[in-house]
Amino acid sequence: MSEYLECVIVEHNPSQKTIDRAVIWLHGLGASGHDFEPVVPQLGLSDDMAVRFIFPHAPQRPVTINGGMVMPAWYDIFEMSLERKVDIAQIEQSSQQIHDLIAREIERGVAPEHIVMAGFSQGGAVAYHVALGYPQRLAGLMALSTYLATNDNIDYSAANQDLPILIEHGTQDPVVPIILGEQANQLLSTKGYNIDYRTYPMAHQVCMPQIQGIGKWLNKFLG
């Protein structure tokens, strides 16, 4: 039996119908599953949907760029160059832990095509790795203020070749420069993916117009 990551769970509209939709949303470096918990009521999700939001806590591990300090991290970052030298093996390990969470949702009765993968910053790099290589069709992928770290290591899945992908980035992001979001957009567009690329006048964060836009996107692709 899998030992699942600890998660924060928020359910939208559970009293109206059986939950048959899910969003697995990964936080950034040093944060926790509580980071995006307050966003759910602000999304404006349709009352026709019953959605379980799963916000996992990343494991505690030393992070090289932070002097080896132990903190919640999906993987180690060796170097904050534009190319982002990272621990690929740890991304793959974290991805497998997310695969286990997807499997648990499927066991609970949520079809894979009704599951959205989402991630912010470091969590977005893992979300890319999971969704683009997942062997069954998912509902969509949200990549927020993040970068595609594992292009050379992803076994791109034919089942998700037409996966709807929402890429969003702040134009003033000092942590993950916007060029990294643009590079992911260009790379995946050339591979034929259905990309919705949006920018907002913000730093390394989310903003209310963006949250409202995410809600509309979820209503479309989860509805």
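The table below lists the values:
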| item | result |
| --- | --- |
| Subset tally (residues that are within 17 Å of Leu144 (Cβ to Cβ) and touching a Leu at 6+ places or on another chain (Cβ under 7 Å)) for the range 46-72 | 2 |
| Any pair with Cβ under 8 angstrom, 6 or more apart, that starts in the range 61-81 at a residue that is farther than 16 Å from Val176 by Cα and modelled with pLDDT of 95 or more and ends at one that is exposed (fewer than 13 other Cβ atoms within 10 Å of the Cβ) and of a type in the set (D, E, K, R) | Thr64/Glu79 |
| All strands (runs of 3 or more DSSP E) inside the range 1-82 with 1 or more residues being surrounded by 15 or more Cβ atoms within 10 Å (Cβ to Cβ) and touching a His at 6+ places or on another chain (Cβ under 8 Å) | 7-12, 21-26, 51-56, 69-72 |
| Criterion: under 15 Å from the mean Cα position of the chain (by Cα) and either assigned to a loop (DSSP other than H, G, I, E, B) or charged (D, E, K, R) (or both) - qualifying residue of Tyr147, Tyr156 | Tyr147 |
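The values are calculated or read from the model by the stated rules, or taken from the named source; none is laboratory data. Note that the coordinates shown come from a computational prediction; the quantities given were computed from them, not determined experimentally. When we count neighbours, we look across all protein chains shown, and the Cβ atoms used for this are built from the backbone with ideal geometry, even at glycine.
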